[in-house]
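Here the structure comes first, spelled out in structure tokens, and everything after it is commentary.
The values are calculated or read from the model by the stated rules, or taken from the named source; none is laboratory data. The structure presented is a predicted model; accordingly, all values stated were derived computationally and were not measured. Every residue, glycine among them, receives a Cβ derived from its backbone with ideal geometry; neighbour counts consider all protein chains shown. For accessibility, only protein heavy atoms count, side chains too; no ligands or nucleic acids. Shrake-Rupley method; radii C 1.70, N 1.55, O 1.52, S 1.80 Å.
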Amino acid sequence: QVHVVESGGGLVQPGGSLMLSCVASGRFSSIFAMGWYRQAPGKQRELVARETNGRSPNYADFARGRFIFARNIDLNTGYLQMNDLEPEDTAVYFCNVQTSSGGMDYWGEGTLVTVSS
């Protein structure tokens with residue numbers, strides 16, 4: 001079983017920054033893929049950024065140039081640095097982890113990001 005926990009959400013003004021963290025723990029030897037997704041009220045969950053098998057992260061168009069995804073492999077932790085936030089970035093942000101190619105998806109419960117003045 002893999003346990004995923006996100007943290008770092010909160011209220012921020014437009015143009016501000018936040019850094020989200022994701023920690024994975026449990027019975028696994030390594031993380032094959034880790035990604036951030038978000039779900040705004042009334043909308044479907046969408047990809048923000050994802051790293052697979054050590055390759056450079058893929059970013060959604062809205063995230064490219066504003067968000068940076070990084071991992072600390074030794075600590076099984078991932079970070080999402082979000083800059084120049086806009087009200088449209090308001091959503092619950094979820095971390096997703098796969099411990100093997102084609103394996104199960106493990107999700108955290110999410111962390112709420114609210115961008116408002």
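To the nearest 10, the accessible area of Thr77 is 10 Å² with a 1.4 Å probe. Think of the chain as a dipole: +1 on every Lys or Arg Cβ, -1 on every Asp or Glu Cβ, centred on the Cα centre; then among Pro14, Val48, Leu75, Leu75 lies furthest on the positive end.
Comparing mean-square fluctuations of Gln13, Gln81, Gln44 from a GNM of the chain with C-alpha springs under 10 Å, the top value falls on Gln44.
Residue order by solvent-accessible surface for Trp36, Trp107 is Trp107, Trp36, largest first, with ligands and nucleic acids left out and a 1.4 Å probe.
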